[in-house]
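The values are calculated or read from the model by the stated rules, or taken from the named source; none is laboratory data. Since we're looking at a predicted model, the values are computed, not measured. Counting neighbours? That spans all protein chains shown, and the Cβs are built from the backbone with ideal geometry, glycine included.
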Amino acid sequence: MTLSFFQNLPLLFRHWRLQQRIGYRFKDITLLDVALTHASMEVANNERLEFLGDAVLDLVVSEILFKKYAEVDEGTLTQMKIMSVNNAHLLSVALNLGITDVLEMGKGLYQSESRGTKMFADAVEALIGAIYLDGGLRPAHKFIDKYVMQTLPTLQETKVHPKTALQNWLKKQGFEYPEYSVTQDATQSGDSLWYVKCTIKNLAITRTGRAETRKAAETEAAIEILGALGVMSNGS
């Protein structure tokens, strides 16, 4: 049911900032409100919009990659698409747009460890679904190109050393650089291996690498993080 202008006023005020940020004003503001409502709420939630948005995202990303990388083989295109739509990257989109601050969820989730990557990634897909229903494919395509695709490293940027590839990706998101910390020093532990932990604070992701030197262990940790993010790196 379409609400009247006066009934919509609270929603218009609540979601004004996000609409300004994404550069799209909803004709039906209730679509945006539902997109920003997690299934833990006892009201209409974003699960169906997430289902639709996932399909729209997959189509648009595939088209953009197909046109942008005309000489790239199917296997590489598939890996690039995985990098584009994985939950870690969509979480970075949610963080950059402030969706993590406005997503409505049940009270139990506000302090819960379950409040993690997937629910915010799903909210981005739900937002895409809402934009598609409200305005069609063109504004959905524009949103995906600007906020999902343009924040990814280029194919050339991924063909560097893993630590550099990770820094490139984080820089494009506007995030802090990774922190590396030694958890086992081979010179003191009696073990032949170094253990180094790599942490991305903005995404609350931590991975550990192990190798015969500290430098190599840092590289392994960076590779593990890149894998979690779905970011390719062909460097060594």
**Study point:** Test set (1) modelled with pLDDT under 90; (2) under 17 Å from the mean Cα position of the chain (by Cα); (3) crowded, with 18+ Cβ neighbours inside 10 Å - M105 fails condition number
**Key:** (2)
Practice item. Mind telling me which of the residues I131, I205, I200 ends up being outside the structural domain of E224 (by TED's automatic domain parsing) and either touching a residue at least 60 places away in the same chain (Cβ under 8 Å) or buried (at least 20 other Cβ atoms within 10 Å of the Cβ) (or both)? Key: I131
**Study point:** Residue satisfying condition, being of a type in the set (D, E) and out of contact with any helix residue (DSSP H, G or I) (no Cβ under 6 Å at 6 or more places or on another chain), within set E125, E104
**Key:** E104
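Yes/no matrix, rows are residues, columns are (1) touching a helix residue (DSSP H, G or I) at 6+ places or on another chain (Cβ under 9 Å); (2) of a type in the set (A, V, I, L, M):
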position	(1), (2)
K146	yes, no
Q156	no, no
T164	yes, no
W169	yes, no
Q173	yes, no
G190	no, no
L193	yes, yes
R210	yes, no
E220	yes, no
Check your understanding: Among the listed residues I29, I64, which satisfies the condition of being in contact with a Ser or Thr (Cβ under 9 Å, 6 or more places away or on another chain) and assigned by TED's automatic domain parsing to the domain that holds L90?
Key -> I64
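Please enumerate the residues belonging to region 84-106 that are aliphatic (A, V, I, L, M) and out of contact with any Phe, Trp or Tyr (no Cβ under 9 Å at 6 or more places or on another chain).
Selection gives V85, A88, V102, M105.
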**Study point:** All positions within region 86-109 that are of a type outside the set (K, R) and free of Cβ contacts under 8 Å to residues at least 40 places away in the same chain
**Key:** N87, A94, T100, D101
